[in-house]
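Below: one structure, written as structure tokens.
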Amino acid sequence: MKETGLSGRVVIVTGGAAGIGRATVEAFAAEGSRVAVWDIGDSEAPENGLFQAVDVTDSKAVDAAVEEVVERFGSIDVLVNNAGIVRDAQLVKWKDGEVVSVMSDEQFDGVIAVNLKGVFNCGRAVAPHMIRGGGGVILNASSVVGLYGNFGQSNYAPTKAGVINLSKTWSRELGRYGIRVNAVAPGFIGTEILKSMPQKVLDGMVARTPIGRMGEPSDIANAYLWLASDAATFVTGAVLSVDGGLVVGT
């Protein structure tokens, strides 16, 4: 098997404090990468890495954090845009002939700001350094709901569809500079937040997944690892579904 080529590479992982992000940090660190962990909360830095408190919706904070990474390590080789939030609500909840509730501006705008604008902010800040360095890899977190939509997610699902198109657009624009851009679309992944849901809901998720289980954060981390590695040097503009064969609507 071809070596990953990730030893010594400089990697930024947004939303790296927990869940899929933390698993991704650990996967790259295990390969010998120097990992910058970005999150809005505290987190431990891996060996030879660093932690930065960064709100990806704040473009100035993102720019400053990127400059700090370059000053510390000299380059940026991989960006994993993993940070994301969920604020579910129906567009219009109707009961007994009346509107009970709607998705608020705050719910909509908040998710757009993190899940889509945040990806844009980070990509825009990192790309010039990758161009100067002769190439790099940008990996963006989408979701199966970005492909199929989802009940109660008029905010979240469109951001994940937007991330797919952003990835394809960047792959066209940045490929000439040796920068590969891909999206990963996870299915039901057993993060702590997801596992806190009622067992009946979890059972329903598993029932819709042909492989018969929820994914683990490491399943997604391994997908990021492969896409960033030297084994995937001809893969760009792709959307890799890591979902156990999820059958939507069944």
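The values are calculated or read from the model by the stated rules, or taken from the named source; none is laboratory data. No experiment lies behind these values; they were computed from the predicted model shown. Neighbour counts are summed over all protein chains in view; Cβ atoms, including those assigned to glycine, are modelled from backbone coordinates with ideal geometry.
Worth a mention:
- Evaluated against (1) of a type outside the set (A, V, I, L, M); (2) outside any helix (DSSP H, G or I); (3) in contact (Cβ under 8 Å) with a residue 60 or more places away in the chain; (4) surrounded by fewer than 24 Cβ atoms within 10 Å (Cβ to Cβ), ASP63 falls short on exactly one condition, (2).
- Screening VAL111 against (1) within 21 Å of MET197 (Cβ to Cβ); (2) at pLDDT 95 or above; (3) touching a strand residue (DSSP E or B) at 6+ places or on another chain (Cβ under 8 Å) leaves a single unmet condition, (3).
- Every residue from the stretch 195-250 that is part of a loop (DSSP other than H, G, I, E, B), out of contact with any strand residue (DSSP E or B) (no Cβ under 7 Å at 6 or more places or on another chain), closer than 30 Å to LEU79 by Cα and of a type in the set (S, T, N, Q): SER196, THR209, SER229, THR233
- Complete set of residues in the stretch 28-59 that are outside any loop (DSSP other than H, G, I, E, B) and either touching a Leu at 6+ places or on another chain (Cβ under 8 Å) or under 28 Å from ILE112 (Cβ atoms) (or both): PHE28, VAL35, ALA36, VAL37, TRP38, ASP39, PHE51, GLN52, ALA53, SER59
- Among residues of the stretch 163-194 being among the β-branched types (Val, Ile, Thr), buried (at least 17 other Cβ atoms within 10 Å of the Cβ) and in contact with a strand residue (DSSP E or B) (Cβ under 9 Å, 6 or more places away or on another chain), the one that is modelled with the lowest pLDDT is ILE189.
- Tally of residues being of a type in the set (Gly, Ala, Ser), within 21 Å of VAL114 (Cα to Cα) and without any contact (Cβ under 8 Å) to a residue 60 or more places away in the chain across the stretch 126-158: 5
- Residue within the stretch 14-29 that is among the hydrophobic types (A, V, I, L, M, F, W, C), closer than 29 Å to SER154 by Cα and in contact with a Lys or Arg (Cβ under 7 Å, 6 or more places away or on another chain) present: no
- Residues within the stretch 219-236 that are surrounded by fewer than 16 Cβ atoms within 10 Å (Cβ to Cβ) and among the small types (Gly, Ala, Ser), tallied: 1
- Boolean, VAL25 is assigned to a helix (DSSP H, G or I), touching a Gly at 6+ places or on another chain (Cβ under 9 Å), among the aliphatic types (A, V, I, L, M) and touching a residue at least 24 places away in the same chain (Cβ under 8 Å): yes
- Candidates LYS160, LYS200 - the one that is loosely packed, with under 15 Cβ neighbours inside 10 Å, under 27 Å from SER101 (Cβ atoms) and of a type in the set (D, E, K, R): LYS200
- In the stretch 120-162, residue nearest to ALA232 (Cα to Cα) [restricted to those that are of a type in the set (Val, Ile, Thr) and under 18 Å from the mean Cα position of the chain (by Cα)]: VAL137
- Counting only strands (runs of 3 or more DSSP E) that fall entirely inside the stretch 73-148 and contain at least 3 residues that are under 18 Å from ALA36 (Cα atoms) and in contact with a Leu (Cβ under 9 Å, 6 or more places away or on another chain), the qualifying elements are 78-81, 136-141.
- Exactly one residue out of PHE51, PHE73 is more than 18 Å from LEU166 (Cβ to Cβ), touching a Ser or Thr at 6+ places or on another chain (Cβ under 6 Å) and in contact (Cβ under 8 Å) with a residue 12 or more places away in the chain, and it is PHE51.
- Number of the exception - ALA161 against (1) in contact (Cβ under 8 Å) with a residue 40 or more places away in the chain; (2) within 22 Å of PHE108 (Cβ to Cβ): (1)
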